[in-house]
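To keep things clear, I will list the structure first and then write my remarks on it.
The values are calculated or read from the model by the stated rules, or taken from the named source; none is laboratory data. As the structure is a computational prediction, the values presented were derived from the model and not from experiment. Here the Cβ positions follow ideal geometry from the backbone for every residue, glycine too, while neighbour counts run over all protein chains shown.
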Amino acid sequence: MQWCDYAHHRAAPEVTSFCNLMRTHDGGSHVKGFMRGTRDVLRRTFEVADQDELDELTRGLCAVVSVNLIDPAYGAPTKDLLKNPEAHTLVRRAVIDGLSEALAAQPALFEALTKRLADNADESPD
């Protein structure tokens, strides 16, 4: 997981995902768990209630999500979409724990995200 502030990375989050080393091009439950965990931490840490503020915090986010499952369930024969609900739960919990620790241990990351919120508030019309 990394935030990029380059102009071309200031778009929606870019998440590349895998299950058992196979690319899941359409994401699935593990990607949903990743995004949910990320948003949960950002909402709690930065006391964000507004969806626009949450979108601003996740802009430029780049991540790779990879899970290994004994019995993966896919949404199509091409195996592009993972459907295992346990992947959502486990990835979400890991992201909540890891991102919370990272924000506590890396003041520069916390400050950069706080600045992003403040800059966005300054640019928003009243």
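Each row is one residue, and each column tells you yes or no for (1) farther than 16 Å from Lys115 by Cα; (2) more than 15 Å from the chain's Cα centre (by Cα).
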site	(1), (2)
Gln2	yes, no
Ala11	yes, no
Thr16	yes, no
Arg36	yes, no
Arg39	yes, no
Asp50	yes, yes
Gly60	no, no
Asn68	yes, yes
Thr78	yes, yes
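Just to verify a result, which residue in segment 29-49, among those that are in a loop (DSSP other than H, G, I, E, B) and touching a helix residue (DSSP H, G or I) at 6+ places or on another chain (Cβ under 9 Å), is surrounded by the fewest Cβ atoms within 10 Å (Cβ to Cβ)?
Ala49
Within segment 53-88, restricting attention to residues that are of a type in the set (A, V, I, L, M, F, W, C) and part of a strand (DSSP E or B), which residue is surrounded by the most Cβ atoms within 10 Å (Cβ to Cβ)?
Checking each candidate, the answer is Leu82.
Restricting to segment 91-101, name every residue that is surrounded by 17 or more Cβ atoms within 10 Å (Cβ to Cβ) and either under 10 Å from Ser29 (Cβ atoms) or polar (S, T, N, Q) (or both).
Val91, Arg92
If Thr78 meets every condition in (1) at pLDDT 95 or above; (2) of a type in the set (S, T, N, Q); (3) more than 30 Å from Phe110 (Cβ to Cβ) apart from one, which number is that one?
Going through (1) at pLDDT 95 or above; (2) of a type in the set (S, T, N, Q); (3) more than 30 Å from Phe110 (Cβ to Cβ) one by one, Thr78 breaks only (1).
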